[in-house]
1. What is the set of long-range amide H partners of residue 154 at a cut-off below 5 Å, with H atoms built 1.01 Å from backbone N?
2. Count the DSSP beta bridges whose two residues both fall in the stretch 58-184, then state the antiparallel fraction as a percent rounded to the nearest 5.
3. What part of the accessible area of the chain, given as a whole %, is carbon or sulfur when the probe is 1.4 angstrom?
4. Gaussian network model of the chain, Cα springs within a sub-10 Å range: biggest mean-square fluctuation belongs to which of 193, 26, 135?
5. By average Cβ neighbour count within 10 Å, what is the ranking of 43-51, 148-156, 27-35, 274-282 from highest down?
6. Using each residue's phi in the stretch 138-149, evaluate 6.51 cos²θ - 1.76 cosθ + 1.60 at θ = phi - 60° and report the 3J(HN,Hα) Karplus result to the nearest Hz, with x for Gly and Pro.
7. Could you derive backbone 3J(HN,Hα) for the stretch 224-231 from the dihedral phi with the Karplus parameters 6.51, -1.76 and 1.60 (θ = phi - 60°), listing whole Hz in sequence and x where the residue is Gly or Pro?
8. Can you work out the accessible area per residue across the stretch 2-95, with the rest of the protein chains kept in place, probe 1.4 Å, in square angstrom?
Amino acid sequence: MSAALSDLKVGYIGLGNQGAPMAKRLVDWPGGLIVFDVRTEAMTPLAELGAELADDITEVSKADVIEVTVLNDEQVRDVVARLAEHAKPGTVIAIHSTIEPNTAAELAEQLRPNGIHIVDAPVSGGAGAAAKGELAVMVGADDDAYERVKPVFKRWASMVVRAGGPGAGTRMKLARNMLTYIGFAAACEAAKLAEATGIDLQKLGRVVRHSDAQSGGPGAIMVRDDTAPLQADHFLYNMFLHTRGLAEKDLRLALGLGEAAGVDLPLAEITLRDLAAGLGVPHTKE
């Protein structure tokens, strides 16, 4: 990290379950850390570790890089508007909250004439990963802003990925979270089938966690540059053809079991219909 970057003062707004462990990893930042939360008790642990406490949001605007972890889009817009009234040109405001897809790009366009950079940088991994400095952060930023925030983010993230310009970090986070929650819904559907057929759900959960740790889960197939159909000479074609064959056989067996047990399995039906196309290989019937 260059001396110029280490001299930057960092601000942090929002010290909840996610923000507090992230901010704690910045208390020894060379240029200093100033924090603010509407709850005084949330700031006290940071003060004990050496952070400067702000009396209000606008006082944080003296920082060079300001990180924001608040609840929703409305709060983000309010915080950014109040900071922008006082922030100096060159200030970077990094938004870690999951917001509307267009918000970061809109704010970046509005504040560009003032010389203020907006970065959307949602995170993945939860408070536990934040405490260990092992979050993944998906960054939407212009070139100058990215170079400024990267060393700051590396204090609490072990993976810093630049998704593109302002707004791109949010779009990546929404795709990532969509996968998570669809996976949760699929887990609930699998549990319904297992329960209806006399399987111990605790034992099933243990098997799922163990095997996902070995195989990588859905991320194991996310190795392509696009979603176009694969050509037969593509290095993934035969592998994905094999995956499709196993999947369609097992899905048909599961659907048959569900029919016998009187359990509806809509996600399994959709997967049987659409997985081959998603992998980029022909469906068995083709």
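1. Long-range HN contacts for residue 154: none found.
2. 20
3. That share works out to 55 percent.
4. 193
5. Going from most to least packed, we get 148-156, 27-35, 274-282, 43-51.
6. Calculated HN-Hα couplings, in order: 10, 10, x, 7, 6, 4, 5, 5, 4, 5, 6, 7 Hz.
7. With coefficients 6.51, -1.76 and 1.60, one gets 9, 8, 8, 10, 6, x, 7, 7 Hz.
8. Normalised by residue count, the accessible surface of the stretch 2-95 is 43 Å².
The values are calculated or read from the model by the stated rules, or taken from the named source; none is laboratory data. Computed from a predicted structure; not experimentally measured. Every residue, glycine as well, gets a Cβ built from its backbone with ideal geometry; the counts of neighbours run over all protein chains shown. These area figures cover heavy atoms from the full protein model, side chains too; ligands, DNA and RNA do not enter into them. Shrake-Rupley method; radii C 1.70, N 1.55, O 1.52, S 1.80 Å.
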